[in-house]
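Undergrad: This is the structure I want to talk about, given as structure tokens.
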């Protein structure tokens with residue numbers, strides 16, 4: 001009975017036993033359950049279709065707008081992008097080759113310029129050296145010419161001196177200073193020294209002195225050389241001794257005696 005107490009629970013509650021539910025109500029309930037299940041199934045299919053469609057769009061690059069494809073999370077280039085990337089790589093490689101070529105050409109040009117500069121510098125130094133040697137040679141020739149002229153002039157003067165009767169006209173009557181005697185040439189010194197001996201009659205065995213003094217009118221050779229030299233200190237006066245000593249000193253200093 002409706003509203004009867006539940007003898008098992010010890011309290012009152014209203015309930016409708018299953019066997020008392022109307023058949024049509026049960027049919028409606030079953031129909032509602034079927035509709036709900038169909039709706040869930042249909043909704044699931046729609047969701048799966050949408051997800052699949054989205055994946056297709058993403059895979060084609062339409063939604064991303066980047067034109068790339070995604071495989072396992074890694075972006076993949078399209079054919080156009082691959083071609084563009086390959087073209088960029090080719091251009092970059094060509095540019096790198098061109099830069100390398102230009103750098104090599106610049107290096108070669110710099111090296112060539114350095115070699116040319118070195119060659120020019122070497123040629124310049126060689127020209128300067130040649131000019132310096134030519135100048136030195138010309139200077140040397142000029143000096144040799146001057147020396148030759150000086151020797152020639154000195155020889156002429158020497159010949160004039162030797163051509164006189166006496167080189168030292170007063171060697172037996174006065175002292176000649178060292179300065180005076182140093183003005184004589186080497187030959188004049190030697191001939192002036194032997195002139196003092198010739199004045200005292202010494203005979204010369206050397207051909208040059210013999211010929212020279214025998215050409216003088218005043219020379220009278222009468223005392224042999226060995227005899228004359230043995231006691232020559234007794235043969236000269238003080239002027240002659242002093243002048244002999246000065247002439248001997250000059251000859252020794254010049255290395256001609």
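The values are calculated or read from the model by the stated rules, or taken from the named source; none is laboratory data. Nothing here was measured: the structure is a model prediction, and the numbers come from that model. Cβ coordinates were reconstructed from backbone atoms using ideal geometry, including for glycine residues, and neighbour counts include every protein chain displayed.
Undergrad: Please give the number of the condition residue 236 fails out of (1) under 21 Å from residue 165 (Cα atoms); (2) in a helix (DSSP H, G or I).
TA: Going through the list (1) under 21 Å from residue 165 (Cα atoms); (2) in a helix (DSSP H, G or I), residue 236 breaks only (2).
Undergrad: Continuing with the same structure: Here's a check for you: in the range 195-215, which residue that is within 22 Å of residue 154 (Cβ to Cβ) and surrounded by fewer than 19 Cβ atoms within 10 Å (Cβ to Cβ) is farthest from the chain's Cα centre (by Cα)?
TA: Ranking the qualifying residues of the range 195-215, first place goes to 215.
Undergrad: Right, another one. Would you mind stating whether residue 156 is modelled with pLDDT under 90 and either part of a loop (DSSP other than H, G, I, E, B) or over 18 Å from residue 187 (Cβ atoms) (or both)?
TA: Taking the combined requirement at face value, the residue does not satisfy it.
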